[in-house]
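Participant: After the C-alpha cells below, expect a handful of questions from me.
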Amino acid sequence: MHYTLSELIDVDEVQELADRLYEVTGMSNAVLDLDGNILTCSGWQSACTEFHRKNPETEKMCLESDSTIANKILSGDKYAIYICKLGLVNAAIKIVIEGKHVGNIFAGQFF
C-alpha cells in the first residue's frame, strides 16, 4: 500500500514539536512530503514567509531550492545543503519510515 507522510504522522503533534525545537534552539525547521507540500514549519525567516513564498517569481526560486534538495537526497545523499538564489542556506535530511523515503526535514533559512 502507498501512504503519504501526512497520513503516517500526526501533523499537529509534529508541528508542536517543531515549535518547541525552534523555541529551544532558534533553528527554523520544516517537514515536507515528497510532493513539496509543507506539512509543518516553525521559525521561518519572515523574508521567506511574507515575501519569497508569496511572490510568484521568487516562489519559483523557493520551489527550485526545495526540489534541488529533494533530488540530492533522492539520488542517495544522506543529507543536502543548498544555498538558494536568494542567499539563504538550507539543509535537509530524509524521513524514512519502514525503509521507504516519505519526506524531508529541513533546517535552515540561515543568512
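The values are calculated or read from the model by the stated rules, or taken from the named source; none is laboratory data. Here the structure is a predicted model, which means the values were calculated and not measured. Please note: Cβ atoms are built from the backbone with ideal geometry, for glycine as well, and neighbour counts cover all protein chains shown. Remember, those area values only see protein heavy atoms, side chains included, never the ligands or the DNA or RNA. Shrake-Rupley method; radii C 1.70, N 1.55, O 1.52, S 1.80 Å.
Participant: Kindly indicate whether Met61 is part of a loop (DSSP other than H, G, I, E, B) and touching a helix residue (DSSP H, G or I) at 6+ places or on another chain (Cβ under 9 Å).
Facilitator: No, not satisfied.
Participant: Select from segment 71-99 the residues that are touching a residue at least 24 places away in the same chain (Cβ under 8 Å) and out of contact with any strand residue (DSSP E or B) (no Cβ under 6 Å at 6 or more places or on another chain) and write down the one among them that is least open to solvent (accessible area, probe 1.4 Å).
Facilitator: So, considering only residues that are touching a residue at least 24 places away in the same chain (Cβ under 8 Å) and out of contact with any strand residue (DSSP E or B) (no Cβ under 6 Å at 6 or more places or on another chain), the one least open to solvent (accessible area, probe 1.4 Å) is Gly87.
Quick grid of which residues meet (1) assigned to a helix (DSSP H, G or I); (2) under 16 Å from Trp44 (Cβ atoms):
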position: Thr68; (1), (2): yes, no
position: Lys72; (1), (2): yes, no
position: Asp77; (1), (2): no, no
position: Ile81; (1), (2): no, no
position: Ala92; (1), (2): no, yes
position: Ile95; (1), (2): no, no
position: Gly103; (1), (2): no, no
position: Gln109; (1), (2): no, yes
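Participant: Count, please, the residues in segment 33-55 that happen to be in contact with a strand residue (DSSP E or B) (Cβ under 7 Å, 6 or more places away or on another chain) and more than 20 Å from Leu86 (Cα to Cα).
Facilitator: The total comes to 4.
Participant: Can you tell me which residue is modelled with the lowest pLDDT among those in segment 1-58 that are open to solvent by less than 30 Å² (accessible area, probe 1.4 Å) and assigned to a helix (DSSP H, G or I)?
Facilitator: My answer is Cys48.
Participant: Can you tell me which residue in segment 59-70 is most open to solvent (accessible area, probe 1.4 Å), limited to those that are of a type in the set (A, V, I, L, M) and under 12 Å from the mean Cα position of the chain (by Cα)?
Facilitator: Here the answer is Leu63.
Participant: Show the residue pairs meeting these rules: Cβ distance below 8 Å; 6+ apart or different chains; first residue within segment 39-63 and more than 21 Å from Glu23 (Cβ to Cβ); second residue outside any helix (DSSP H, G or I) and open to solvent by 40 Å² or more (accessible area, probe 1.4 Å).
Facilitator: His52/Leu86; Thr58/Leu86; Glu59/Arg53; Met61/Lys85; Met61/Leu86; Cys62/Arg53; Cys62/Leu86
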